[in-house]
Each structure stands twice: as structure tokens, then as C-alpha cells.
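The block underneath contains the structure these notes are about, expressed in C-alpha cells.
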Amino acid sequence: MADLILVRSMPVWETNVIDLVVHDPKTDSVILCMVEVREWGDRGALLPELQEKFSTYLTYALDGQMTSDYPALAGKPIRFELKTEFPPTQREQEFLDIVTRQHLQPEGITFRWKILGKSASDTEA
């Protein structure tokens, strides 16, 4: 069971807020979790907010704010996790793949998404 560190209950449209910071003692890693409860739709309408949210998370993780807020998390592996009510469409999945490949992996950050309330249906990007 992961140790909950911070809960702000702010969904993706709150692009300047870190929704959830969790320490997973099983892997001794940090999970920075974002939450989206809206349907993705078929036109990519939520992509600008999702892009801003990822930018906020990258800045928080890499510019020292996370370790300033939680010094015990310094040096631990980081995973971004998107908890969503609905599975991402192909458009969102392509975006997530690009972000993971171009921005997260080079920084040693992993990513996956999960359907809210289901632990078995997560997807590693």
C-alpha cells in the first residue's frame, strides 16, 4: 500500500496544481498522479490542458520544488500516473506516447494511466 503524501483533488483542468503526491514503499518510488474525470471526446479538446498539466508536473519534479516540499523523496524514482474515468482515445494515447518518449524517459521518469478505481487495467506507456 502506498503512503499518501498530498491530496488536492484537482483534476487536469487545474493545470497549475499537482493533484496527488504518493510514496510507494514497495518500490521506494514517487508517484505524481493527475486525475481526469471528463470524457476525452473525439476532437482532442482536452489535449491543451493535459499538455499544460504535464508541463507543470515536469517543472515540479525536475526544478527542485518536489524535493523542497518533501526532502525525503529526493533521489527516488518518479512515475507520472494519469487516473482517468475513461480510457484515452487514440489521439490522447499518441500524445501520451510522445510525451513519454520525448520528455519523461530522457529524465528517467516513467508513465502509466489507470481507469479510476481499477488497479488491474493500467497501461504502461
The listed residue being under 19 Å from P106 (Cα atoms) and either modelled with pLDDT of 90 or more or not polar (S, T, N, Q) (or both), out of L4, L46, L62: L62
Which one is nearest to L20 (Cα to Cα) among residues in the range 71-86 that are in a loop (DSSP other than H, G, I, E, B) and without any contact (Cβ under 8 Å) to a residue 40 or more places away in the chain? A74
Please indicate, with yes or no, whether at least one residue in the range 88-108 is part of a loop (DSSP other than H, G, I, E, B), loosely packed, with under 14 Cβ neighbours inside 10 Å and at pLDDT 95 or above. yes
Take S68 and decide whether it is part of a helix (DSSP H, G or I) and surrounded by 13 or more Cβ atoms within 10 Å (Cβ to Cβ). no
Among the residues of the range 21-30, which ones are under 16 Å from S68 (Cα atoms) and either modelled with pLDDT under 90 or among the β-branched types (V, I, T) (or both)? V21, V22, V30
Extreme residue, surrounded by the fewest Cβ atoms within 10 Å (Cβ to Cβ), among residues of the range 44-54 that are in a helix (DSSP H, G or I) and in contact (Cβ under 8 Å) with a residue 24 or more places away in the chain: Q51
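The values are calculated or read from the model by the stated rules, or taken from the named source; none is laboratory data. Predicted model, so just to flag it, every value in this text is computed and none were measured. Reconstructed Cβ throughout: ideal geometry from the backbone, glycine too, with neighbour counts over all protein chains shown.
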